[in-house]
Amino acid sequence: MAEIERRALLAGLAALPAAACTDLAQTGPAGDLFDTAENWHRAAHRTLASRQALAPEYAPEERSLDIRGNGSLTVDTDEYRAHKASGFADWRIEVRGLVTNPLSLTLAELRALPQRIQITRHDCVEGWSAIAEWSGPQLSELLDMARVREEANFIVFRCADTLYGRDYYESIDMVDAYHPQTIVAHQLNGQPLPEKNGAPLRMRIERQLGYKHPKYLTAIEAVASFDDIHGGKGGFWEDVGDYQWYAGI
Ligand SMILES: Nc1nc2c(c(=O)[nH]1)N[C@H]1C(S)=C(S)[C@@H](COP(=O)(O)O)O[C@H]1N2
Ligand SMILES: [Mo]
């Protein structure tokens, strides 16, 4: 479904309380309108429910032997090397943009939040998959702490690395942002994230393809639109490679 249709559907769903259907039903002559509204309402619910479904989770013995690194395998800056040398003790992740209570959290603070552990499959569009265990707080936890404002439609992820000389970044809508398997991961298979896999923090957005899982995460930003961000298409690969913004699986 096109992004614009999905957004309209979700906005419409929020704007149409169940009571509105009852009122329409009682007006008699509006019968046709009621049928249309009801069908549409039902379709909207079905769409939303399928977006909220969980990605498959696996048993520990199904894990792949190695998770290859893809795209950037490190961040080529002195600042990153210094963070790495100190075990990322001072690395901070900001939650900012259209929020009432901006946050700047250390890894220790992230680890102190309730954690989700999930064994899931990563699917890269280049034709490989890998199953691994990821742990970290749910993104919804951070968004609730920061109190995302009503005008926000998307969450943008900022990264420390560049690829082909451009900042890597990505974005998702609020359905994926509040999905229970969308986590800010700091561990892979029970160990701190390896450098090639995004140390010290990367997103896991399990209902999306690999390029939507940003590594080397520095900030989480609530925005109304991404028109003014880099190429305006909501992500690195969307800007440079013509990849789809919605990469749902
Ligand atoms: N910051 C950043 N995040 C990124 C990339 C990247 O180059 N830089 N590559 C993406 C792609 S295409 C994939 S498939 C996965 C690869 O994750 P991995 O290196 O842990 O296998 O990270 C994604 N996130
Ligand atoms: Mo990928």
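Label region 132-194 by shape, choosing from rounded, prolate and oblate, from the square roots a ≥ b ≥ c of the eigenvalues of the Cα gyration tensor; if a/c is under 1.5 it is rounded, and otherwise prolate applies when a/b is larger than b/c, oblate when it is not.
Oblate, because a/c is 1.5 or more while a/b does not exceed b/c.
Sort 155-168, 72-85 by packing, meaning the average of other beta carbons within 10 Å per residue, with the highest value first.
Numbers: 155-168: 18.3, 72-85: 13.9.
The peptides rank, most packed first, as 155-168, 72-85.
Specify whether the C-alpha gyration tensor of region 162-229 places it in the rounded, prolate or oblate class, a ≥ b ≥ c being the square roots of the eigenvalues: rounded for a/c under 1.5, otherwise prolate if a/b is larger than b/c and oblate if not.
Oblate, because a/c is 1.5 or more while a/b does not exceed b/c.
Just to confirm my numbers, what's the Cα centroid distance between region 149-178 and region 206-249 in Å?
If we compute the Cα centre of each part, the gap is 5 Å.
In deg cm²/dmol and to the nearest 500, what is the mean residue ellipticity at 222 nm of the chain if only DSSP H runs of at least 4 residues count, each as -39500 (n - 2.57), divided by the residue total?
Result for the chain, helices only: -8500 deg cm²/dmol.
Share of the chain's accessible area from carbon and sulfur, percent, 1.4 Å?
Numbers: 6350 of 12240 Å².
The nonpolar share, carbon plus sulfur, comes to 52 percent.
Heavy-atom accessible area per residue, region 60-239, 1.4 Å probe: how many Å²?
On the way: 7760 Å² over 180 residues.
On a per-residue basis, 43 Å².
For region 92-128, run through the GluC sites (Glu not before Pro) and keep only the ones in DSSP coil with at most 10 other Cβ atoms within 10 Å of their Cβ.
Answer in residue order: E126.
Just order 200-206, 59-65 by mean Cβ neighbour count inside 10 Å, highest at the front, would you?
Per-residue Cβ counts within 10 Å, averaged per peptide and sorted highest first, yield 200-206, 59-65.
If the cut-off is a Cα-Cα distance under 23 Å, which lysines reach K84, setting aside same-chain residues fewer than 8 apart in sequence?
Qualifying lysines at Cα under 23 Å: K196, K215.
Shape verdict for the chain, please, from the Cα gyration tensor: rounded (a/c under 1.5), prolate (a/b greater than b/c) or oblate.
Verdict is prolate for the chain.
Could you identify which residue out of W91, W237, W128 has the top mean-square fluctuation in a GNM of the chain using Cα springs shorter than 10 Å?
W128
The values are calculated or read from the model by the stated rules, or taken from the named source; none is laboratory data. Since we're looking at a predicted model, the values are computed, not measured. Neighbour counts are summed over all protein chains in view; Cβ atoms, including those assigned to glycine, are modelled from backbone coordinates with ideal geometry. Keep in mind that these areas ignore ligands, DNA and RNA; they rest on the heavy atoms of the full protein, side chains included. Shrake-Rupley method; radii C 1.70, N 1.55, O 1.52, S 1.80 Å.
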